[in-house]
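Asker: There's a structure below that I have some questions on.
The values are calculated or read from the model by the stated rules, or taken from the named source; none is laboratory data. Everything numeric here is computed off the predicted structure, so don't read it as measured data. Ideal geometry is used to build each Cβ from the backbone, glycine not excepted, and the neighbour counts take in all protein chains shown. Accessible surface is based on the protein model in full, side chains and every heavy atom, while ligands, DNA and RNA are left aside. Shrake-Rupley method; radii C 1.70, N 1.55, O 1.52, S 1.80 Å.
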Amino acid sequence: MSAEERPDFDPITDRDTLSRFQIVVIALCTSVMLLDGFDTQAIAFAAPGIAADWHISPTSFSFVFGIGLFGGLVGAICTGVIADRIGRKPTLVMAVILFGLASLATPLVDSKTSLSVIRFITGLGVGGALPGAIAIAAEYASKRMRATVAAVTFCGIPLGSVIASVLASRLIPSHGWGIIFVIGGLLPLLLVPFIVRYVPESIRFLSLRRDDEALTKTLARIGLDGEEAAQVKARVKARPASGPERAPIWNLFTEGRALGTTLLSLALFLTLLMAFFLVNWIPTLATEAGIGTSAAILGVGSLNIGGILGSLVISKLSGRFRPGMMISLSYTLGAVAIAVVGQAGTSGTWLLSSTFVAGFLAIGAQMCTVSLLATYYDTRLRATGVGWAMGCGRVGGIIGPTVGGWLVAASFTMGTIFVIAGLVCAACAVTVFGLGRFVLTTRPDSAPGVDMPATKTARTV
């Protein structure tokens with residue numbers, strides 16, 4: 001479908017403030033992302049207890065960590081395509097149920113092999129939920145606030161990591177390592193009924209599929225009366241139909257999207273390589289440098305809290321500059337801040353301060369990079385595009401901790417290791433600068449589509 005044939009539903013959601021309906025949808029999608037971050041970090045906190053119970057070395061868990069992230073890679077790519085075929089909502093629900101059940105089953109395993117299998121399955125669900133959550137949240141935000149909403153939604157991942165670290169430090173010593181997976185399994189399953197009840201299917205997806213009944217119900221929930229809804233549907237019917245076969249992965253590289261898709265994929269690869277390297281190795285490197293265990297663990301929390309706050313500020317400022325430029329600047333400054341982390345020596349205060357600044361700039365920019373995915377691709381390709389790029393990011397997430405292990409084994413100093421991590425962050429800056437300079441100002445979905453009638457105030461959920 002060409003740009004001129006795509007229905008444009010932005011005027012439906014374009015209001016000066018978010019309605020209650022929009023807030024609920026975005027909050028639920030953010031909750032899914034929070035559980036993603038919770039589960040991704042939970043295995044790292046549980047590993048020492050598992051190793052003690054099974055009498056194995058903690059270093060043998062590298063494959064377990066990697067297979068879970070690989071499952072996330074497969075899930076992100078595959079379910080992105082599935083979502084563009086059967087819908088965002090059913091794919092999201094199935095993915096949340098999958099990783100909830102897999103997490104609940106984790107305490108029942110009794111070997112590294114079975115743990116690896118269950119972590120792969122969990123990763124499928126966790127990675128699979130991500131494209132749908134981001135796509136739905138972005139599509140129900142106003143066009144003006146879409147980049148900010150995508151960044152806020154992605155904030156759920158580091159927030160979930162922070163919550164997991166706090167709960168694990170308090171509950172695992174008294175209840176055992178399995179408790180973190182019980183919590184990580186029950187919460188997604190408890191969230192499912194709310195997703196089913198309150199999260200709608202994408203109105204753009206429904207229009208492309210010509211699902212008149214579902215489109216009517218969704219337009220009513222948004223606040224269009226009968227006459228306005230009839231105008232919308234009449235304009236939709238005037239457009240050529242778009243079947244599910246229109247969203248294969250290779251379409252991400254056609255119609256002028258090849259450079260944009262390549263740079264977005266590279267940006268996600270580099271930024272998640274950097275992020276997973278930092279999250280996995282800051283505690284070990286800081287402890288070996290002589291910093292206390294408590295401060296070393298809090299360094300990761302400080303990094304994530306800085307990332308959450310940074311993403312909000314960076315996304316807010318991004319609208320004042322050329323697309324991608326503020327994110328690129330933040331990566332550049334973040335590269336310096338990451339290098340400074342390596343100069344902490346034995347100072348816990350230095351570590352906590354520098355990781356907060358590094359998180360604010362580098363991790364904050366990482367979360368805002370995801371917003372570029374939500375705004376670059378059109379409706380029929382958005383979930384596929386997000387899934388593909390996040391899949392590339394998951395590859396980086398697998399490689400990051402591995403590279404960190406090689407550097408530590410090669411006896412590089414803490415300062416040198418963090419300089420190398422800073423260089424990866426600088427590469428992110430160059431990649432996003434290229435996006436802003438050569439791609440985002442001429443993205444392929446920038447052409448206007450169907451004009452929409454003005455809408456009344458949205459009804460409550």
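Asker: For segment 260-317, give me each residue that is hydroxyl-bearing (S, T, Y) and over 17 Å from I338 (Cβ atoms).
Answerer: T261, T262, S265, T287, T293, S294, S315
Asker: Could I ask something else about it? When you check I282 against the structure, is it more than 30 Å from A258 (Cβ to Cβ), buried (at least 24 other Cβ atoms within 10 Å of the Cβ) and touching a residue at least 12 places away in the same chain (Cβ under 8 Å), yes or no?
Answerer: Yes; evaluated as a whole, the condition is true for this residue.
Asker: List pairs: first residue in segment 168-194 and within 18 Å of L35 (Cα to Cα), second residue outside any helix (DSSP H, G or I) and open to solvent by 20 Å² or more (accessible area, probe 1.4 Å) anywhere in the structure, Cβ distance under 9 angstrom, at least six positions apart or on different chains.
Answerer: A168/W177
Asker: If I filter segment 326-339 for residues that are free of Cβ contacts under 8 Å to residues at least 60 places away in the same chain and over 22 Å from L159 (Cα atoms), do I get at least one hit?
Answerer: yes
Asker: Shifting gears a bit: Condition test on L171, is it open to solvent by 10 Å² or more (accessible area, probe 1.4 Å), modelled with pLDDT under 90, part of a helix (DSSP H, G or I) and within 28 Å of D53 (Cβ to Cβ)?
Answerer: Spelling it out, L171 is indeed open to solvent by 10 Å² or more (accessible area, probe 1.4 Å), modelled with pLDDT under 90, part of a helix (DSSP H, G or I) and within 28 Å of D53 (Cβ to Cβ).
Asker: Looking at V196, V93, V126, V152 in this structure, which one is in a helix (DSSP H, G or I), hydrophobic (A, V, I, L, M, F, W, C), within 30 Å of I314 (Cα to Cα) and open to solvent by 10 Å² or more (accessible area, probe 1.4 Å)?
Answerer: Residue meeting the stated conditions: V152.
Asker: So, one more: Criterion first (at pLDDT below 80 and open to solvent by 10 Å² or more (accessible area, probe 1.4 Å)) does T416 satisfy it?
Answerer: no
Asker: Of all residues in segment 252-276, count the ones that are closer than 22 Å to S302 by Cβ, open to solvent by 10 Å² or more (accessible area, probe 1.4 Å) and not aliphatic (A, V, I, L, M).
Answerer: Number of matching residues: 1.
Asker: Residues in segment 105-123: is at least one open to solvent by 10 Å² or more (accessible area, probe 1.4 Å), touching a Ser or Thr at 6+ places or on another chain (Cβ under 6 Å) and modelled with pLDDT of 90 or more?
Answerer: Yes; the residues of segment 105-123 include at least one that is open to solvent by 10 Å² or more (accessible area, probe 1.4 Å), touching a Ser or Thr at 6+ places or on another chain (Cβ under 6 Å) and modelled with pLDDT of 90 or more.
Asker: Moving on to the next point. Is it the case, given these coordinates, that L101 is at pLDDT 85 or above, open to solvent by 30 Å² or more (accessible area, probe 1.4 Å) and more than 21 Å from I398 (Cα to Cα)?
Answerer: yes
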